[in-house]
1. At 4 °C and 1.567 mPa s, grab the translational diffusion coefficient of the range 52-107 from Stokes-Einstein with a Kirkwood Rh over Cα pairs, rounded to a whole number in µm² per second.
2. If I take all pairs of Cα atoms in the range 312-442, what percentage of them are more than 25 Å from each other?
3. Radius of gyration and Dmax for the range 42-163's Cα atoms, expressed in Å?
4. Over the Cα atoms of the range 198-302, what radius of gyration and what Dmax do you get, in Å?
5. Among Asp49, Asp36, rank each residue by its count of other Cβ atoms within 10 Å, from fewest to most, as a rough exposure measure.
6. Please report the relative contact order for the chain, taking Cα pairs under 8 Å with a sequence separation of at least 6, and give it as a percent rounded to a whole number.
7. Quick one: dipole size for the range 325-388, taken about the Cα centre, charges +1 on Lys/Arg Cβ and -1 on Asp/Glu Cβ, in debye to the nearest 20.
8. Which net charge results when you count Lys and Arg as +1 and Asp and Glu as -1 among the other residues whose beta-carbon is under 14 Å from that of Val316?
Amino acid sequence: MDAFVIHGGKRLRGRIRVNGSKNACLPLLAAALLTDEPVIIRDVPDLSDIENMVRLLVSLGCKIDTVEGKGTRAAHMQVTDPTRIEAHYDIVRTMRASICTLGPLLAKRGRARVSMPGGCNIGDRPVDLHLRGLKALGAKIHLDGGYIVAEAPGGRLKGSRVFLGGPFGSTVLGTDNVMCAAVLAEGTTVIESAACEPEVEDLANMLIAMGAKITGAGGPRITIEGVKKLKGVDYTTMADRIEAGTYIIAAAITNGDVVLDNCPTDALTAALDRLAEVGVDVESVPPPGKSDVAKDRLRDSVRVTAARRLEPIQVVTQPHPGFPTDLQAQIMALLCLADGNSIITEKIFPDRFMHVSELLRMGANITRTGTSAMISGVKHLEGAPVMASDLRASAGLVIAGLAAKGATTVNRVYHLDRGYEKMENTLQALGAQIERVNVAGA
C-alpha cells in the first residue's frame, strides 16, 4: 500500500495551478444522464473518485472519452443506452457522490435502482434528505437489499415545494439530486434550505446552459421551472476551493512564497478571513502572461506568504459561506504551530477529529472536548509514522509533515488520491522533499 515519506523543513516556493473541483465535477458528470446529446466537461481532475464516477456512468449506458488538454483533461460524454437504471454496489461503495446519479436517472428514465453509498469515514451522513426531497416530487421509493429503488409514476416527476434542512444544515448532494430531478419535472419546484455551496451553483450554471430554467442557486431558495428536455453542453468545471485552501495552508506552515493560479478566492472568503488573522497574506497577482489581476475572482492568481509568528484563532466550521469543514484538518495542522491557544469547533461532522490522535504523535498539544478541540501551539512538530483516516485528514497530516523536524511517513495515502491530483508531484514542484513509496502492510 502506498505511503508518503516527507522530510520536513523545506520552504515551499514556486507557482502551481489549482485543478478543477472534484466536488463540483462529480455531479456535473452525473448530470450528463439528463440529455441524449453530447456533453463535454472540461478541467476534469485526474482522481480516483472521478475514475469511479466514470466507471459508474459507463455502466449506466454512457460512452465517455477522456481527452488530455493543455494542463487539463476533458470528458466527452453521450448516453448510448438509456435503458440501464442500476448503479451497482461494487462501484457505489467506493464513494458517496455516486448517490447523485439518483436524481438524473429518475428524472430522465423514470426509474432508478441505486446502491446505498460509501465514502470517507468521517461520521454519519444519511441520505434521508435526498429521499425526502425526491418523494416531495412524487417519486415512489423503497429499499431493497441495500438498494434505493425509485420510480416516477407515469414516467415524470411533479414540481413541488421541497424543504432540505437537516440537523447539521442543508445537504449539498441532496440539493444537487433534487435540482437535477426537478429540471425535467412537470411544473415548478422550490427548494427551501438549499445548500449554498459554490459547487451547487456550478451545477446550476451547467444545467442552465443545457436549457434548464433555474433561479436562486447559490442562495437558500432555488426555483426550478421544469422543461421537457435538455440539450448538450460544453462546460468548464469551477476551480477546487479545497485544493486551493490546502496548498495555501501548506505554503503558510512552511513560511513559503507560493503563487496559485486558477484560485477561486471568491469561494474562500471565510477561510481567507481566518488565515489573515493567523498571519497568512494572500494577495492577488496577475495571471501568467497578463499585466493586471484577474477580474474573475473564481479564477484568480494569488501569492501566499506568512508571518514568522502565527497568531492563535477560533474557527467554527459551518455551511457555505462559513468556514468549510473540508479545511478543518488542514488549518488545525497550521494552528499546532501558532503562538497561543486556538479553538476549532466542528458543526458539520461532529466526529471529524480522527486526525487529532495522529497529530499528537507528532508532538502537537490538542485537547478535544465534544465537538471542539483546543490547540495549544508548540515550537515545532516532530516527524513520525502516522495513519490517514480520510481524505482531508490525510491532507492535514501531509501539511504537518511539511513543517515537522525529521521524517514523517503518512500511510494509506489512497485517501489523498480521491481528492488531490498527484499531490506529491505538486509539492515536489514547490521544493518539498516528499516521495511516494510502497509500504508493506501500511
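Since every read-out is calculated from the coordinates, none of them should be taken as a lab result. Bear in mind the structure is a predicted one, so any value in this text is a computation, not a measurement. With ideal geometry, Cβ positions are generated from the backbone for all residues, glycine too; neighbour counts draw on all protein chains shown.
1. The Stokes-Einstein estimate is 106 µm²/s.
2. 22 percent
3. Cα-based Rg and Dmax for the range 42-163 come out at 15.4, 46 Å.
4. Cα-based Rg and Dmax for the range 198-302 come out at 16.9, 55 Å.
5. On the way: Asp49 22, Asp36 15.
Listing Asp49, Asp36 from fewest to most nearby Cβ atoms yields Asp36, Asp49.
6. Answer for the chain is 21 percent.
7. 80 debye
8. On the way: positive: Arg274, Lys347, Arg352; negative: Asp273, Glu277, Glu346.
Surrounding charge for Val316 is 0.
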